[in-house]
């Protein structure tokens, strides 16, 4: 590995060399919509040059390996394999307690658990995600209006940052059925300003259940959060998806999630408004319920995202490869659309499309090396982990290990 000093800072270079297919997702600096979801940009026999955790050059191996910085770089041999951006899981409930009866029970379980135990469990999940190729993950709170529980969850998420993945925390607002107006007053006047000052959450999310009496409260929540400076997201967990979509459009949310009850007409409204639509193939598979109109959303020109929607109760898989395969099998998406939805569009759903989600000069070197000879194989690898290496900011954080042979019984 070539190391040198510039302005007193030690830099290093790495060359990921000779990929059979290098999937770059090179394209416009915006979420991919319509036909652009199909354009993943494949470079046969491609290489990536990385300096100090940032991509310096991407292109055919013959050109990249002859660059001056490449000649003495530490080399990662990707021969015969696919190299592509690391997966971005833009919707999880990483630290949510298992089997809560309701929000009060969830808060009670969080309060009664030690922060160390919660952090260790979450870190174990993050390591599993890294083994399956995820390099950035969003994680929500969601213990209702219990301040102690919510602050504990946000502290746990802060402690997980960079170990080993980038963790993007979101405050998830669940209004209680009893005295929802008073709960909202406390959230908007006290709790949101507190976590904004502390920079404890990147997004303000809200569960919209569609009940007409709650709609003015959701409206106030989103208006207050945006006025403070939060980027917002919205759970459209309702059969009355139209009301949720109207709220999302009015408040220009970053993404609208849980569109299982959306109609083709809803899909057109989402596309026309330029919203990002987050879909959860694994959760739909587990729950066996309705499926979102993925094909209608894509055909209408919406920016579609795939995420795991991991939670320890209803969607227990953290494998983005499985989410992509199920998006193809059950949602009718092509593998190219699934790749775009799980990388570059997911990055934009987290406000990080300028940093991650594609392999382009100037972006963080977050990528995966896969044990397949064609990216098309990802569609048919459901239930199999095909990751050979996961690289986060230029560093290998997961390396496939060999199976230890059994000793001879003779």
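Read-outs throughout are calculated quantities, based only on the coordinates presented, and are distinct from any laboratory measurement. Because the structure is a prediction, the values reported are computed rather than measured. Note: ideal-geometry Cβ built from the backbone for every residue, glycine included; neighbour counts use all protein chains shown.
Some points to look at:
- Mean-position separation - Cα centroids, segment 26-40 and segment 43-83, in angstrom: 23
- Full-stretch length increase - residue 199, residue 376 - with 0.36 nm per residue and alpha-carbon distance subtracted: 59.7 nm
- Legend: ranking of residues 224, 114 from fewest to most surrounding C-beta atoms inside 10 Å; resulting order 114, 224.
- On Cα atoms only, tilt of 215-228 relative to the major axis of the chain in degrees: 50
- Helix 241-250 axis, angle to the chain major axis (alpha carbon atoms, nearest 10°): 80
- Segment 314-384: C-alpha gyration tensor shape, a/c 1.5 cut-off, then a/b vs b/c: prolate
- The chain, helix-only ellipticity at 222 nm - DSSP H runs n ≥ 4, -39,500 (n - 2.57), divided by all residues, nearest 500: -9000 deg cm²/dmol
- Fully extended contour minus Cα-Cα distance, from residue 105 to residue 182, at 0.36 nm per residue: 25.7 nm
- Segment 87-349, relative contact order [Cα under 8 Å, separation at least 6], %: 19
- Highest average first, the peptides 390-397, 373-380 ordered by how many other beta carbon atoms sit within 10 Å of their residues are 390-397, 373-380.
- Shape call, segment 87-349: gyration tensor on alpha carbons, a/c limit 1.5: oblate
- In degrees, nearest ten, helix 264-273 long axis to first principal axis of the chain (Cα): 80
- Cα gyration tensor shape of segment 41-103, rounded if a/c is under 1.5, else prolate or oblate by comparing a/b with b/c: prolate
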